[in-house]
Amino acid sequence: MKRNSMLSLFMVSLMFAGTIQAQTVDEVINKNIEAIGGKVNWKKVNTMKSEASLSIQGMDIPINIYQVNNKAFRSDFTAMNMTGYTIVNGDSGWNFNPMQGQTKPEPMTADQLNAQKDELDIQNSFIDYKEKGHKVELLGREDIDGVSTFKVKLTRKSGNEVTYFIDPATYYVIRVATKMKINGQEIEQVSNLGNYTKLPEGIVIPFSMEMPGSPAPIVIKKVEVNPTLDPSLFVAK
């Protein structure tokens, strides 16, 4: 009888531990959503245009990004009088980089397209994550440049994994590590985020993104929320 009682108490404690874990990860996520402007403001974002730049060896490379929530994405860059782009439009995607000798846009591989389609959600992956088919897990804490961050793993509906490192002082994401399959091989892409700025629409976004080993961060200079975007932007030419 005593053994059965102890076993019952153990099983109950495991059930409560799972509940506490779920509440904890949702608490962290909700505080992050609130810190970046709240669900209501983000749910109003349907399109976005961003102007950015990357400085390499004294050369300023302009980057323009166009986004339609859950539908389309385009990123342009211009260097040495040549312009390249990446386009995702529904179930199609293309890359064009004349600096690599390309003379016309090339279709993305299935792996590339799968990874890019995950980025079409511009309203934040944490918002309504259950309805989107994602799963989240709190992996504890990890030190990032002296900050004991919350480490939250999000497994997308596609199967790709993203780990967010959240500053407990601000609840901003300061690092993102994305695992994806490209050409059959699993790779991890890491980005450090900073210079969070509040826009007139009430949302807060990072104006600086840097990948370890990159010569310089990508710096956002201007963001327009809900501009009218010409559908022809998302057609490879």
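Bear in mind these aren't lab numbers, they're just calculated from the coordinates by the rules spelled out. Being a predicted model, the structure only gives us computed values, none of them experimental. Glycine also receives a Cβ, built like all others from the backbone with ideal geometry; neighbour counts cover every protein chain displayed.
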Problem set entry | Using alpha-carbon coordinates, inclination of helix 2-35 to the longest axis of the chain, degrees | 30
Exercise. With the Cα gyration tensor of the range 47-150 giving a ≥ b ≥ c as the square roots of its eigenvalues, does the rule (a/c under 1.5 for rounded; else a/b larger than b/c for prolate; else oblate) give rounded, prolate or oblate?
Worked result: oblate
Seminar exercise, completed: Filtered hits (aspartates and glutamates, Cα-Cα < 18 Å from K222, offset >= 8 within chain) -> E51, D60, D76, E201, E210
Seminar exercise, completed: Per-residue Cβ contact counts at 10 Å, fewest first, order L154, L229 as L229, L154
Seminar exercise, completed: So, over other residues within a Cβ distance under 11 Å of Q67, counting Lys, Arg +1 and Asp, Glu -1, the net charge is 0
For this session: Give, rounded to the nearest 20 debye, the magnitude of the charge dipole that the chain has about its Cα centre when Lys and Arg contribute +1 at Cβ and Asp and Glu contribute -1 at Cβ.
Result: 620
For this session: Take the Cβ-Cβ distance between K179 and N81 as r, set R0 to 30 Å, and report the resulting FRET efficiency rounded to the nearest 0.05.
Result: 0.25
Problem set entry | Summed side-chain charge close to T155 - residues other than T155 whose Cβ falls under 10 Å, Lys, Arg +1, Asp, Glu -1 | +3
For this session: Could you sort out which of K117/K237; K130/K221; K43/K104; K49/K179; K130/K181 sit more than 31 Å apart by Cα distance in this structure?
Result: K130/K221; K43/K104
Exercise. Taking GluC sites (Glu not before Pro) that fall in a DSSP loop and have at most 16 other Cβ atoms within 10 Å as cut points, what is the longest piece of the chain between them?
Worked result: 1-130
Seminar exercise, completed: Dividing the mean separation of Cα pairs under 8 Å (6+ apart) by the residue count of the range 129-190 yields a relative contact order in percent of 21
For this session: Return the single residue from S208, S55, S92 with maximal mean-square fluctuation; model: Gaussian network over the chain, springs between Cα atoms under 10 Å.
Result: S55
Exercise. When only Cα pairs under 8 Å and 6 or more residues apart are kept, what is the percent relative contact order across the chain?
Worked result: 21
For this session: Using a cut-off of 12 Å between beta-carbons, work out the net charge of the residues near K181 (Lys and Arg +1, Asp and Glu -1, K181 not included).
Result: -4
